[in-house]
1. For residue 239, which of the numbered conditions (1) open to solvent by less than 30 Å² (accessible area, probe 1.4 Å); (2) more than 16 Å from the ligand (Cβ to nearest atom) fails to hold?
2. For residue 6, which of the numbered conditions (1) open to solvent by less than 40 Å² (accessible area, probe 1.4 Å); (2) within 20 Å of residue 76 (Cα to Cα); (3) within 11 Å of the ligand (Cβ to nearest atom) fails to hold?
3. Could you tell me whether residue 326 is at pLDDT below 95 and out of contact with any helix residue (DSSP H, G or I) (no Cβ under 6 Å at 6 or more places or on another chain)?
4. Would you point out the residue of segment 17-42, among those that are among the polar types (S, T, N, Q), touching a residue at least 60 places away in the same chain (Cβ under 8 Å) and out of contact with any Leu (no Cβ under 7 Å at 6 or more places or on another chain), that is nearest to residue 56 (Cα to Cα)?
5. If a residue must be away from the ligand (no atom under 12 Å from the Cβ), surrounded by fewer than 17 Cβ atoms within 10 Å (Cβ to Cβ) and hydrophobic (A, V, I, L, M, F, W, C), how many such residues does segment 62-105 contain?
6. Which of the residues belonging to segment 106-143 are open to solvent by less than 10 Å² (accessible area, probe 1.4 Å) and over 30 Å from residue 297 (Cβ atoms)?
7. Restricting to segment 163-178, name every residue that is open to solvent by 40 Å² or more (accessible area, probe 1.4 Å) and within 21 Å of residue 40 (Cβ to Cβ).
Amino acid sequence: MTPIRLAVVGATGLVGRTTLDILEEWNVPLESLRLFASEESRGKSVPFRGRKIAVERLERVPDGVNAAILATSRAISRRWVPAFRECGVTVIDHSSEFRMHADVPLVIPEVNGHTLRDHRGAVANPNCSASIVVIPLAALARIAEMKTAVVDTYQSVSGSGQDALAEFENELADASYSPRVFPRVIAHNVFPQIGVFNDVGPCDEEQKVVQELQKMLELPQLHILTTTVRVPVRIGHSAALSVELARDVRIDEAEAALSAMPGMVYERTTYRTPREIAGRQEVFVSRLRKSPHDPHWLQFWVTGDNLRKGAASNAVQILMELFGVMMP
Ligand SMILES: NC(=O)c1ccc[n+]([C@@H]2O[C@H](COP(=O)([O-])OP(=O)(O)OC[C@H]3O[C@@H](n4cnc5c(N)ncnc54)[C@H](OP(=O)(O)O)[C@@H]3O)[C@@H](O)[C@H]2O)c1
């Protein structure tokens, strides 16, 4: 095991704070830990393992670190991922900036952990809904050729960061509050838009889900149809999936594949809601059924914590694999 000397950039945000929680919960061995955030956090300190760590401003690649988790914006990643790499620091990046770069593995360890071998100093953590739905999709793609996946997501407010969560709380408290982060009021509402729309119709998030699933599943031609919907839930993304397989897969065969898949829990007799699974590391899959009209189609429901498996805990898993640390 190589000693880990870690920098977390964006340590005061939702993903950054969840990262610190997981490092503590899993007792990940760290030789040193430095925390970075924006100018607004100057003077703050963050509790970690019984002591307080000062939050610093990122002005240059910090001396002595050999790993960095970046949980900030695309613009910051665009600037700092290459700088860290040039200094020999291995970066795990949460932004979408490098996810589709051919030389940057996009990794859910249970699905395509083997691609970590090819990293050249940078690994991308996938989009929060792609991270959650790819696990059951990979389980099914291992037993039958997948032809089509229809992925309709129900994404929580925390998926857009701490300002979005604050906006949601303000709207709940004050019906006249005008949204600044989201395009519409999210309190007591849903809307089929996450990110901006492109010229041909999909919004950013829909494009990311399609491209990232194709990359992680190593199925570049997979036909994926998606609608991404924001819902008034604090934490936890869900999705309703319909999958067309090339052959008639029996339900018990699909159940065996889903039950054997690491990183997820398959449940036959109940289903989970985001409220019930917030804070859990695993992804929960349920309501598996077959189309009555075409035996090649399966449908199911999946829900997972966007801040954990959708972001922070997946990145910590990657860190541990890269540095040869055993999972707890
Ligand atoms: N939220 C999710 O469920 C989720 C899931 C997957 C991926 N992601 C991705 O993870 C990243 C972080 O998301 P988040 O939800 O944690 O966002 P967030 O809650 O808005 O946190 C953003 C963090 O970035 C810091 N920051 C802003 N400007 C900075 C600067 N110039 N230098 C250093 N740090 C700076 C902020 O510091 P201050 O507190 O000082 O402003 C804060 O710590 C984004 O790229 C997002 O797309 C998020």
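The values are calculated or read from the model by the stated rules, or taken from the named source; none is laboratory data. Bear in mind that the values here come from a model prediction, so they are computed numbers and not experimental data. Note that we place each Cβ from the backbone using ideal geometry, even for glycine, and neighbour counts take in every protein chain shown. These area figures cover heavy atoms from the full protein model, side chains too; ligands, DNA and RNA do not enter into them. Shrake-Rupley method; radii C 1.70, N 1.55, O 1.52, S 1.80 Å.
1. Going through (1) open to solvent by less than 30 Å² (accessible area, probe 1.4 Å); (2) more than 16 Å from the ligand (Cβ to nearest atom) one by one, residue 239 breaks only (2).
2. For residue 6, the exception is condition (3).
3. yes
4. 19
5. Counting residues in segment 62-105 that are away from the ligand (no atom under 12 Å from the Cβ), surrounded by fewer than 17 Cβ atoms within 10 Å (Cβ to Cβ) and hydrophobic (A, V, I, L, M, F, W, C) gives 4.
6. The answer is 122, 123, 124, 125.
7. Narrowing segment 163-178 to residues open to solvent by 40 Å² or more (accessible area, probe 1.4 Å): 163, 166, 169-170, 172-178.
Within segment 163-178, 163, 166, 169, 170 meet the criteria.
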